[in-house]
Amino acid sequence: MSNQVRKAVIPAAGLGTRVLPASKAMPKEMLPIVDKPAIQYIVEEAVASGITEILIITNRGKSDLENHFDRAPELEERLLQAGRQDAYDEIVALTRMANICFVRQKETKGLGHAVNCARSFVGNEPFAILFGDDVILGETPVTAQLCQAYEKYGLGVVGTKEMSPWKR
Ligand code: UTP
């Protein structure tokens with residue numbers, strides 16, 4: 001079995017209670033950073049790291065995530081009619097970045113439970129986990145760095161960052 005990491009799981013089924021009220025009706029993963037929702041940066045990072053198969057864990061309130069990576073025929077037609085080829089190309093490319101599929105975590109039972117929902121997608125292969133709300137920008141994508149470490153040593157790898165002490 002190859003130890004190249006080709007699969008990624010993105011748990012995005014949390015309730016986002018720390019970013020209320022922004023996340024009450026809209027998934028926090030859809031909050032925009034400049035002109036793209038956070039989840040798009042995450043998927044782009046995975047793709048730039050060599051990932052080709054992505055499973056996003058959602059819940060019943062997160063269908064916007066599925067829509068974002070789906071084709072939008074009426075919008076596409078309008079853009080073409082208006083001669084906005086660049087915008088058209090961009091939104092179509094977004095749907096072709098990787099093989100993206102979705103599974104619902106039916107009850108919000110925590111991160112471990114969410115990752116377990118990816119069990120059959122992952123099978124017996126190595127996989128990366130990226131958080132749907134954790135955007136990290138770097139020259140070499142962080143996921144690529146972690147995958148390289150895994151491929152070199154054959155062991156699980158975790159990315160961490162230094163935090164200031166939590167104060168309430
Ligand atoms: P977080 O604790 O950062 O996200 O979970 P949360 O639960 O949405 O946020 P708060 O704490 O209420 O503000 C880490 C990751 O695990 C996912 C979240 O979507 C996030 O990407 N998660 C968490 C699930 O997929 N399912 C869960 O049941 C819990």
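Assorted remarks:
- Leu65 being part of a helix (DSSP H, G or I) and not hydroxyl-bearing (Ser, Thr, Tyr): yes
- Extreme residue, farthest from the ligand (Cβ to nearest atom), among residues of the stretch 23-57 that are out of contact with any Asp or Glu (no Cβ under 7 Å at 6 or more places or on another chain), within 17 Å of Cys101 (Cβ to Cβ) and among the β-branched types (Val, Ile, Thr): Thr52
- Scan of the stretch 23-51 for residues that are part of a loop (DSSP other than H, G, I, E, B) and either of a type in the set (Lys, Arg) or surrounded by 13 or more Cβ atoms within 10 Å (Cβ to Cβ) (or both), ordered by number: Ser23, Lys24, Met26, Pro27, Leu31, Ser49, Gly50, Ile51
- Subset of the stretch 9-22 (residues that are more than 7 Å from the ligand (Cβ to nearest atom) and open to solvent by 20 Å² or more (accessible area, probe 1.4 Å)): Leu20, Pro21, Ala22
- Pair list, Cβ under 6 Å, 6 or more apart: the stretch 29-54 residue small (Gly, Ala, Ser), other residue surrounded by fewer than 17 Cβ atoms within 10 Å (Cβ to Cβ): Ala38/Leu31
- The stretch 56-92 - residue that is closer than 17 Å to Ala38 by Cα and of a type in the set (Gly, Ala, Ser) and, of those, nearest to the chain's Cα centre (by Cα): Ser63
- Helices (runs of 4 or more DSSP H) completely within the stretch 82-152 that count 3 or more residues being surrounded by fewer than 14 Cβ atoms within 10 Å (Cβ to Cβ): 85-95
- Single unsatisfied condition, Ala118 versus (1) in contact (Cβ under 8 Å) with a residue 60 or more places away in the chain; (2) small (Gly, Ala, Ser); (3) farther than 23 Å from Tyr41 by Cα: (3)
- Residues of the stretch 59-80 classified as open to solvent by 70 Å² or more (accessible area, probe 1.4 Å) and either of a type in the set (Lys, Arg) or within 15 Å of the ligand (Cβ to nearest atom) (or both), total: 3
- Among the residues of the stretch 131-168, those that are closer than 23 Å to Gly14 by Cβ and touching a Ser or Thr at 6+ places or on another chain (Cβ under 6 Å) comprise Pro141, Thr143.
The values are calculated or read from the model by the stated rules, or taken from the named source; none is laboratory data. Keep in mind that what you see is a predicted model, and the values were worked out from it rather than measured. Please note: Cβ atoms are built from the backbone with ideal geometry, for glycine as well, and neighbour counts cover all protein chains shown. Just the protein is used for accessible areas: all its heavy atoms, side chains included, with ligands, DNA and RNA removed. Shrake-Rupley method; radii C 1.70, N 1.55, O 1.52, S 1.80 Å.
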